[in-house]
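Undergrad: Before we start, here is the structure in question, set down as structure tokens.
The values are calculated or read from the model by the stated rules, or taken from the named source; none is laboratory data. Note that the structure is predicted; figures quoted are calculated from it, not measured. Here the Cβ positions follow ideal geometry from the backbone for every residue, glycine too, while neighbour counts run over all protein chains shown. All accessible areas refer to the heavy atoms of the entire protein, side chains included, with ligands and DNA or RNA removed. Shrake-Rupley method; radii C 1.70, N 1.55, O 1.52, S 1.80 Å.
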Amino acid sequence: MPPDIAILDAAPALDQARLKLDRLWARGTAFLGSRVAIMGGAMSWVSERHLVSAISNAGGFGVIACGAMGPALLAAEIAATQALTQRPFGVNLITMHPQLDELVQVCLRAGVTHIVLAGGIPPGPAVRAVKDGGAKLICFAPALVLARRLVKSGADALVIEGSEAGGHIGPVSLTVLAQEILPHLRDVPVFVAGGLGRGEAILSYLEMGAAGAQLGTRFAASTDSIAHANFKKAFMRANARDALPSVQLDVRFPVIPVRGLVNEGTRRFLEVQAETLRRFQAGEVTKEAAQLEIEHFWAGALRRAVIDGDVENGSVMAGQSVGMVTRAQSIAEIIEELTEQAVLAIADRAG
Ligand SMILES: Cc1cc2nc3c(=O)[nH]c(=O)nc-3n(C[C@H](O)[C@H](O)[C@H](O)COP(=O)(O)O)c2cc1C
């Protein structure tokens, strides 16, 4: 068959495949109010007005990372994002934030439709405030029992994030979390995250019952991201094996696991832990002081890498999917590519 006829022949098959993909993630798109069920995971310093609006304008669902912002800064960021997109987007709030209740009110006053509560089991008053305010509540579920508890306490959707992800991580991979949770939890839409870089992988989780996917690493390196050029270059150079969790030297001094690119900072962190441990054992510092010294090591380090471009001493948080970041692409290109990979995989199977 001449190639032009072959293309004509393939067109209906591709249309069918697109319809099938639309059906597979219909629950996710209906929940988010987006064209495709792909969320941009909130990334502190990275997920601001430009990236978030680019993701929503491209048909996905952007999420502002509130991080350590106070109420006034968050209100300004939401307003600036609303000026850049008419499409829905969410706001991610960290449950440990001392002004959590005020931040929820800021979101509600601004008409934010989806609030993500991250960083631990969300406190009851914040959950009630989100629900009473009419916003949809999204929570992270690290295991099936907790997933069920979160749904019972009011979560309208869940994200299950595997240890392949960039940033703060749990111990279990998405491959296992998905098998543990997706077949058993159908009450609310569940979005999968961690290590996703291609549409075929997203498709396989949709087929297992996921409502959609959340990506961070690929979006952080996009041309729409405000991250420093050094940060994006580091992503393009890195392989999956370069994105490792932070190492804890001694059980008495817990280190929250964070996945990022190995650099001078991660090497020095080991030395600082070893030296602090030695001083503690020699009775030169108390346990509390030693723990604080270890915790303070990374203070401001993500900003140093993302904004200042110090990728040697800063914290270059990245998921294992960093190996799939190979060139500079816009958010629209990435979302189109992911969608087409899923569509082609469906069409391929149909022959
Ligand atoms: C640089 C960076 C910063 C992140 N910061 C946050 C954050 O502030 N809050 C949060 O809930 N998740 C954070 N994450 C996780 C992402 O929202 C997302 O779930 C994760 O990146 C998905 O895995 P992937 O990186 O393999 O795509 C961060 C990830 C990266 C790469």
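Undergrad: Between 0 and 90 degrees, rounded to the nearest ten: what's the tilt of helix 264-281 against the longest Cα principal axis of the chain?
TA: 40
Undergrad: Roughly speaking, what is the stretch gain from residue 204 to residue 30, that is 0.36 nm per residue apart minus the C-alpha to C-alpha distance, in nm to one decimal? Mind showing how you got there, number by number?
TA: Details: separation 174, 0.36 × 174 = 62.64 nm, distance 1.98 nm.
Fully extending the segment from residue 204 to residue 30 adds 60.7 nm.
Undergrad: Using the Karplus equation 6.51 cos²θ - 1.76 cosθ + 1.60 (θ = phi - 60°), what ³J(HN,Hα) coupling, rounded to whole Hz, does each residue of region 286-303 give in order, writing x for Gly and Pro?
TA: 6, 4, 5, 5, 5, 4, 5, 4, 5, 5, 6, 3, 8, 4, x, 6, 5, 4
Undergrad: Here's another thing I want to ask about it. Give the Rg (one decimal place) followed by the Dmax (whole number) of region 184-241, computed from C-alpha coordinates and expressed in Å.
TA: Rg then Dmax for region 184-241, in Å: 14.4, 43.
Undergrad: Once amide H atoms are placed 1.01 Å from N in the peptide plane, what residues at a sequence separation of 5 or more from residue 63, or on another chain, have their amide H within under 5 Å of its amide H?
TA: 40, 90
Undergrad: I want to check the label-to-label distance for residue 146 and residue 328. Put each point 7 Å from Cα in the C-beta direction and report it in nm to one decimal.
TA: 3.9
Undergrad: Also, quick follow-up: Which length gain, in nm to one decimal place, applies between residue 131 and residue 279 when the Cα-Cα distance is subtracted from 0.36 nm times their residue separation? Spell out each step's value before the answer.
TA: On the way: separation 148, 0.36 × 148 = 53.28 nm, distance 4.88 nm.
Additional length available on full extension: 48.4 nm.
Undergrad: Tell me, what % of the accessible area of region 195-332 is carbon and sulfur with a 1.4 angstrom probe? Present the calculation step by step, with values, prior to reporting the outcome.
TA: Working: 3500 of 6360 Å².
Here carbon and sulfur together make up 55 percent of the probe-accessible area.
Undergrad: At a 1.4 Å probe radius, carbon and sulfur cover how many percent of the accessible area of region 29-94? Kindly include the intermediate steps, with their values, before the conclusion.
TA: Details: 1310 of 2170 Å².
With neighbouring chains kept in place, the figure for region 29-94 is 60 percent.
Undergrad: Please give the per residue accessible area of region 173-327, computed with a probe of 1.4 Å over protein heavy atoms only, in Å².
TA: Numbers: 7010 Å² over 155 residues.
Heavy-atom accessible area per residue stands at 45 Å².
Undergrad: Along Cα→Cβ, 7 Å out, is where each label goes; now give me the distance between the ones at residue 348 and residue 244 in nm to one decimal.
TA: The answer from the label model is 3.3 nm.
Undergrad: Need the list of lysines near residue 131 for cross-linking: C-alpha distance under 24 angstrom, and skip anything on the same chain fewer than eight residues off.
TA: Correct list for residue 131: 152.
Undergrad: Which whole-percent values make up P(r) of the chain when all C-alpha to C-alpha distances are grouped in 10 Å steps starting at zero?
TA: 6, 24, 33, 24, 10, 3, 1, 0, 0
Undergrad: If packing is taken as the mean number of other Cβ atoms within 10 Å per residue, what is the order of 278-288, 210-220, 292-302, 33-43, highest first?
TA: Working: 278-288: 11.5, 210-220: 27.1, 292-302: 15.7, 33-43: 24.9.
The most tightly packed comes first, giving 210-220, 33-43, 292-302, 278-288.
Undergrad: Mind pulling the angle between the C-alpha long axis of helix 331-349 and the longest principal axis of the chain? Nearest 10 degrees, somewhere in 0 to 90.
TA: 50
Undergrad: Kirkwood Rh, Cα Rg: Rg to Rh for region 205-329?
TA: Values: Rg = 17.1 Å, Rh = 15.9 Å.
Value, to two decimals: 1.07.
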